[in-house]
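Here, each number is a calculation from the coordinates, and none is a lab measurement. In this text, all values refer to a predicted model and were calculated from it rather than measured experimentally. Note: ideal-geometry Cβ built from the backbone for every residue, glycine included; neighbour counts use all protein chains shown.
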Amino acid sequence: MAGSYTLTMIKPDAVAKNNIGPILGMINEAGFKIKAMKYTQLTKSQAQEFYAVHKERPFYGELVDFMTSGPIVAAILEKSNAVEDFRKLIGATNPADAAEGTIRKRFAESIQNNAVHGSDSDENAKIEGDFHFSMCERF
Ligand code: ATP
Ligand code: MG
């Protein structure tokens, strides 16, 4: 069903601070089902490809360095209106602007080290899900 899936990554800052469990708890509490999940570390070329849309931005190099600096948890999440609802749950890119009760308000350190990724459209949710997971890794 259109709109049912989004792709998240728990980023290296949140993994390093032992926040995988509490973040997954908030995701479960908000009604998302885990369709696929893995604990992995992106290579430089994988991070460059994943964030290719930002390659002209001044922060691209640092973003790639950050996203490859340690392991991440990648997951496909299932829920009606998944992309929009998940972006509400994670909050604004900059934690200084993130609403109370959001994942980034609680766990993000900075505009770069902002704890989690969430897809920004249904089209990108599909591209990003296919980037991380094969069909036989989805349940
Ligand atoms: P994400 O795509 O990770 O869910 P987002 O959609 O809220 O985050 P984007 O504009 O897509 O934000 O930026 C991708 C990521 O690049 C951000 O999550 C953050 O880690 C980093 N980033 C964005 N803007 C800046 C900035 N001004 N300075 C440093 N890093 C930034
Ligand atoms: Mg984005």
Selection from Gln48, His132, Val73, by position along the positive dipole direction of the chain (Cβ): Val73
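Only helical DSSP H runs with n ≥ 4 go in: add -39500 (n - 2.57) per run for the chain, normalise by residue count and round the 222 nm mean residue ellipticity to 500 deg cm²/dmol.
Taken over the chain, the calculation gives -10500 deg cm²/dmol.
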Just tell me the longest site-free run in the chain, where the sites are trypsin sites (Lys or Arg not before Pro) in a DSSP loop having at most 15 other beta-carbon atoms within 10 Å. 56-137
For a quick check: with amide H placed at 1.01 Å from N, whose amide H comes under 5 Å from Leu42's, ignoring anything fewer than 5 positions away on the same chain? Ile72
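Mind listing which GluC sites (Glu not before Pro) in region 1-69 are in a DSSP loop and have 15 or fewer other Cβ atoms within 10 Å?
On the way: sites: Glu29, Glu49, Glu56, Glu62; in loops: Glu56.
Within region 1-69, the qualifying GluC sites (Glu not before Pro) (loop, at most 15 other Cβ atoms within 10 Å) are Glu56.
Using only the Cα atoms, work out Rg/Rh for region 52-139, with Rh taken as the Kirkwood radius, to two decimals. Walk me through the numbers before you get to the answer.
Values: Rg = 13.8 Å, Rh = 14.3 Å.
Ratio of gyration radius to Kirkwood radius for region 52-139: 0.96.
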Relative contact order (%) - region 5-137, alpha-carbon pairs under 8 angstrom, separation at least six: 38
